[in-house]
Amino acid sequence: MSEEVLQQVTPGLIPGSGTARAAKPTRLSASFISWLQAGPMMLVFLAFFLIPLVFVVIVSFWDYNEYQLLPAFSGRGYTDTFEGCIAQLPDLCTIGKTYLMTLKLCFMVWAITLFVGFWVAYFLAFHVKSKTWQMGLSLLCTIPFWTSNVIRMIAWIPLLGRNGLVNSGLMKTGLINHPVEWLLFSEFSVVLALVHLFTFFMVVPIFNSMVRIDKSLIEAAYDAGATGFQTLVNVIIPLAKPGIVIGSIFVITIVMGDFITIGVMGGQQIAAAGKIIETRVNALQFPAAAANAVILLAITFLIITMMSRIVDIKKEL
Amino acid sequence: MTETTRKIGVSRRTLLKGTAGLAGLAAGSGAITGFPYVKSADAKVLRYLGTAVNEGDDIAKQCLKDTGIKIEYITATTDDVTKRVMTQPNSFDVLDTEYFSLKKLVPSGNILALDAKKIKEFNNITPVFTKGETPGGKKIGGQGTAPWKVLYLEGKDSKKFATSATDFVTLIPTVYNADTLGIRPDLIKRPISSWSELLNPEFKGKASILNIPSIGIMDAAMVVEASGKYKYADKGNMTKEEIDLTMKVMTEAKKAGQFRAFWKDFNESVNLMASGETVIQSMWSPAVTKVRSMGIPCTFQPLKEGYRSWASGFCVSKGVSGAKLDWAYEFVNWFLSGYAGAYLNRQGYYSAVLSTAKAHMEPYEWAYWMEGKPAEKDIKAPDGSLLEKAGAVRDGGSYEDRMGGVACWNAVMDENDYMVRKWNEFIAA
């Protein structure tokens, strides 16, 4: 993502050297070349993202029955989704509860991945001197992606399950008498799995911002008498902000839409915005699923807009 | 179907082989003749869309040997099979699906009923499908989408189910079974005889149900009825009030921490049970066998309120005609001629034509699987692996006892849309 942004922001820089030499008779304009560069990605986006998205929005306003879509305007997908939201007050309706849970998980995962990811990136950027080691160590963070969800599910039971390693270890040390149940199929296990998966998405952009911090700035802060903490708060964090925001956007968008990990680790008993969509699709209720997808998109978009208000990514890059 | 991932290994393998074979055929013929379609038009190929239950490499191989028809499996989950019929009716020839999907499939007009007169063994199909009773004359519970309610159409292109027998059959029956709760007798240590035990606080945090709304709610209804809270007119077709009531009972249990996890696929159910995370849960017969083959005691427990049953069968896509339709009939006739039936019986399912399957099984196998007698010799799966040692008796006993004990059938309710919304509410609670 950051690469695309880079290309769009700095179109003039890249063609400069190439065109000067090659283009004598027909000199391609810089803007044409930058269109060429951005074009393929734009076409992919148009064909596989924007157009389908338009269809999703259209279908979300259709009606349906047990076996087909009825292309007539209907708000049923939306009204059904918000069913009981006013009538059940002060209790939350289904969609309210679902989003509350999704946001809660999202916030916990975001806070933990940010904390962990920041320090991993800090370590990589400032304590690991060799470029090779920096590369090697950051590749280690991708290990969780080497396994599939099914494998992970099978792997977590022997570890966190009722008769798993952690429980039997704790029982042997005499810390507990009965197995601890909340280790698995709980909010705890969901957050654990998501953090374990997605900290990587935090580490990479923050690391990327940090290595670009001019070391002389840190020396200057030190010479001016700043403590380590003051340097961190006043120099490093502000300069690492773009990385923090990009990492946060990655983590938040992924967790908002996730239902597989939440389902597997939550024992299918924890609601997720994506899960509602899946249930609806499986019941062939496409307009209702589309309406839920539009709602999810709107909420995620809102969060990201708020975040980019805090930091102007374009400017900072 | 519910059966989707019972044999995920097999299905994935056959799927891969199928696609590879198809690619190979296309590439090979193209390279040699330059007319890729000439060869495929000569070969008798049927694209077979279905869930993994009826599919097996051995069945496809035997079929090719006996009839020259090459079966190309397209394997998907029940939901995805239905979705595919709705959205891409030309992407398959033969459809293998469950009776309860018919309420969605028939009105769509995307499937073609088969002619009973062209099915050789049609009159030998078990009366479970045609009359709703066992061969021994036991009446079978008809709640839900019982096959005999949706077996016939009024006419060739009709979208209405006929109330009496006609020549137009929606699905030619192939396989069915009776499902119940699986338990871990070594951890429960006492007899279990009722569905109500699923919500017994004794098993708090150790119970599980199926996370497929239309089936999960029927298991829930069995529990509600067994605990004496309510008696349904039809568990497979509840009113909104009945759905509310059922989900309320389940929500209370969920909030009280009764359920360890809900499961959706075969392997999940096996893992939950084998690891001892759950000791009582809705389950499928081959999953119980799998747990047992790992050396862990597991019983497919017959319960006094009866079984929840399911059944599936064959029809063809509306796009199938001419020679292809003839092959489809040839294939369905072959399927009912015994080899496939015996294969399915040996996995713990039941075949639609019992007489032909019996002819393809050893007498001791038939006695164990169908008559509920103790196994005279070791019982082996179709792939040769050991399922039960000599002396074992099948859980639930004979065909008569198990099918005769069916209380209700997998179903799609009239209030399906409302039910799905309530199910989401239940998950969010």
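Bear in mind that the values in this text are calculations on the coordinates, not laboratory data. Quick caveat, the model's predicted, so the values are computed rather than measured. Cβ sites come from the backbone with ideal geometry, for glycine too, and all protein chains shown count toward neighbours.
Please list the helices of chain A that count as membrane-span-like by this rule: a mean Kyte-Doolittle hydropathy of at least -1.0 together with Cα atoms stretching 18 Å or more along the helix axis, each helix being a complete DSSP H run.
Numbers: long enough: A:30-45 (23 Å, 1.33); A:94-122 (41 Å, 1.36); A:187-211 (34 Å, 1.86); A:237-257 (30 Å, 1.91); A:286-310 (36 Å, 1.86).
Span-like helices, by this rule, are A:30-45, A:94-122, A:187-211, A:237-257, A:286-310.
Fewest neighbouring Cβ atoms within 10 Å first, the residues A:HIS178, A:HIS196 line up as A:HIS178, A:HIS196.
Once you list every other residue whose beta carbon is under 14 Å from the beta carbon of B:CYS63, what net charge do they have if Lys and Arg are +1 and Asp and Glu are -1? Within the 14 Å Cβ shell, the charges total -3. The order of B:GLU241, B:GLU197, B:GLU252, B:GLU415, going from fewest to most other C-beta atoms within 10 Å of their C-beta, is B:GLU241, B:GLU252, B:GLU415, B:GLU197. For B:LYS156, a cut-off of 14 angstrom between C-alpha atoms picks up these aspartates and glutamates, skipping any fewer than 8 places away in its own chain: B:ASP115, B:ASP167.
Pick from A:GLN88, A:GLN134, A:GLN285: which residue has the top mean-square fluctuation in a GNM of chain A where Cα pairs under 10 Å get a spring? Sorting by GNM fluctuation, first place goes to A:GLN88. Here's the picture: charge each Lys and Arg Cβ at +1 and each Asp and Glu Cβ at -1 in chain A, and of A:LEU239, A:PRO287, A:HIS178 the one pushed furthest to the positive end of that dipole is A:LEU239.
Counted by Cβ distance under 10 Å from B:TYR418, the other residues give a net charge of -3, where Lys and Arg count +1 and Asp and Glu count -1.
Around the amide H of B:ASN237, modelled in the peptide plane, lie the amide H atoms of B:GLY144, all under 5 Å away and 5 or more residues distant in sequence or on another chain. The magnitude of the dipole of the stretch B:328-388, with charges of +1 and -1 set on the Cβ of Lys/Arg and Asp/Glu and taken from the Cα centre, is near 80 debye. Choose one of B:CYS408, B:TYR329, A:PHE107: the residue whose Cα lies farthest towards the positive end of the charge dipole of the protein assembly as shown (beta-carbon charges +1 Lys, Arg; -1 Asp, Glu; about the Cα centre). Toward the positive end, the furthest listed residue is A:PHE107. The mean number of Cβ atoms from other chains found within 10 Å of a Cβ in peptide B:259-266 is 4, as a whole number. In chain A, the inverse of the mean reciprocal separation of distinct Cα atoms equals 23.4 Å; this is its Kirkwood hydrodynamic radius. Simple point charges give the picture: +1 on the Cβ of Lys and Arg, -1 on the Cβ of Asp and Glu, and for chain B a dipole about the Cα centre of about 320 debye. Most simply put, the protein assembly as shown has about 65% antiparallel DSSP beta bridges, counting only bridges with both residues inside it.
For the protein assembly as shown, the list of Cys residues with no other Cys C-beta under 4.7 Å reads A:CYS106, A:CYS141, B:CYS63, B:CYS298, B:CYS315, B:CYS408. Our helix-only sum for chain B, with -39,500 (n - 2.57) per DSSP H run of n ≥ 4 divided by its residues, gives a mean residue ellipticity at 222 nm of -11500 deg cm²/dmol.
Residue by residue along A:259-269, Cβ atoms of other protein chains within 10 Å of the local Cβ number 4 on average. For a paramagnetic label modelled on A:TRP182 (point 7 Å from Cα along Cα→Cβ), amide N atoms under 16 Å away belong, within the stretch B:185-229, to B:205. Mean per-residue shielding of peptide B:407-414 is 1, counting Cβ atoms of other chains within 10 Å of each Cβ. Pairwise Cα distances in the protein assembly as shown exceed 41 Å for 41 percent of all pairs.
Estimated purely from DSSP H runs of n ≥ 4, each contributing -39500 (n - 2.57), the mean residue ellipticity at 222 nm for chain A is -21000 deg cm²/dmol once divided by its residues. Charging the Cβ of each Asp and Glu at -1 and of each Lys and Arg at +1, and nothing else, the dipole of chain A about its Cα centre rounds to 840 debye. In terms of surrounding Cβ atoms within a 10 Å radius of their Cβ, B:LYS377, B:LYS389, B:LYS149, B:LYS235 rank from fewest to most as B:LYS389, B:LYS377, B:LYS149, B:LYS235.
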